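K.L.:
Starting off with a structure, shown below.
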Amino acid sequence: MYISRIALNPARLEAKKLLASPACMHSAVEHAFPPSSPRNDSEGRILWRVDILKESHQIWLYVVSPDKPDFSHVVEQAGWPLHPEWETRDYQPLLGRIALGQHWAFRLRANPVRKVKNDLGRSENPAVIGKIMGEVTAAQQLKWLSDRAEQYGFSIDGSGDDLQCQVKNRRKERFRHGNGTVTLSTAQFDGNLTVTNADLFRKALTHGIGRAKGFGCGLLTVAPIHVGSAAKGTSE
């Protein structure tokens, strides 16, 4: 497995196109690999996420993949060709260090959804029963992640209303894909976690969390915890 990051130049037309459409970004990521490369196998799958760092005015595309990628086309069309900032590292050293009880700072962009069991609207609509709907509030989205953390081999540090996780960049995205339109509710989670099952956690890092993985959701990344690396509670 490999992890890569590519700096994007938001002033360039192609970068604006990629940032405006997860479907276009998905295509750009796919073209970093030859047709023979595995997209999803027992080792892992292709996952990607865009991080917009407002403080430093930087935009990074992160990609985890079974094969080593070639992002020359992204750098040439949407980055800084004369000053390319693109790096790919072997992911195995980090994966091999994962162990029970470790604490990590984490970031995840996800598509928090639920399957409707009961219509809670003002007027009952049986047609919505069984449909997949996006979680609406920051509290609901945080609960979505907290409730599923165990199956992915971790727990969010803290407890109750004092979980060490912020919910940021909450948005509803709508974009063209094929002959139709895709609508996604997405949110970014930044916080601290504890590994409760090393094997499940490694699988979460290499196979992702939740739905819409082809559209920039599901990539979980971790880093050593520093003071102030994660705030408590939820925020917009």
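K.L.:
Just need a number here: residues in region 5-47 that are acidic (D, E) and without any contact (Cβ under 8 Å) to a residue 60 or more places away in the chain.
P.N.:
Of the residues in region 5-47, 2 are acidic (D, E) and without any contact (Cβ under 8 Å) to a residue 60 or more places away in the chain.
K.L.:
So, one more: List the number of the failed condition for T88; all other conditions in (1) touching a Ser or Thr at 6+ places or on another chain (Cβ under 6 Å); (2) under 18 Å from A204 (Cα atoms); (3) not in a loop (DSSP other than H, G, I, E, B) hold.
P.N.:
T88 satisfies all of (1) touching a Ser or Thr at 6+ places or on another chain (Cβ under 6 Å); (2) under 18 Å from A204 (Cα atoms); (3) not in a loop (DSSP other than H, G, I, E, B) except (2).
K.L.:
One residue is enough: does region 116-125 have a residue meeting the conditions at pLDDT below 95 and within 19 Å of the chain's Cα centre (by Cα)?
P.N.:
No, every residue in region 116-125 fails to be at pLDDT below 95 and within 19 Å of the chain's Cα centre (by Cα).
K.L.:
Looking at this structure, is P66 without any contact (Cβ under 8 Å) to a residue 24 or more places away in the chain and either buried (at least 18 other Cβ atoms within 10 Å of the Cβ) or over 25 Å from P224 (Cα atoms) (or both)?
P.N.:
So P66 fails the test.
K.L.:
Here's something else I'd like to know. Need the failing condition index for E14 against (1) surrounded by fewer than 17 Cβ atoms within 10 Å (Cβ to Cβ); (2) assigned to a helix (DSSP H, G or I), just the number.
P.N.:
For E14, the exception is condition (1).
Quick grid of which residues meet (1) farther than 15 Å from G216 by Cβ; (2) more than 16 Å from the chain's Cα centre (by Cα); (3) among the basic types (K, R); (4) not assigned by TED's automatic domain parsing to the domain that holds K131:
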site	(1), (2), (3), (4)
N9	yes, yes, no, yes
A23	no, no, no, yes
D41	yes, yes, no, yes
K54	yes, yes, yes, yes
V64	no, no, no, yes
K68	yes, yes, yes, yes
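K.L.:
Please enumerate the residues belonging to region 175-192 that are farther than 23 Å from L53 by Cβ and either outside the structural domain of A212 (by TED's automatic domain parsing) or in a strand (DSSP E or B) (or both).
P.N.:
R176, H177, G180, T181, V182, T183
The values are calculated or read from the model by the stated rules, or taken from the named source; none is laboratory data. Just so it is clear, the model here is predicted, and its values are computed rather than measured. Here Cβ is always computed from backbone atoms with ideal geometry, including for glycine, and neighbour counts include all displayed protein chains.
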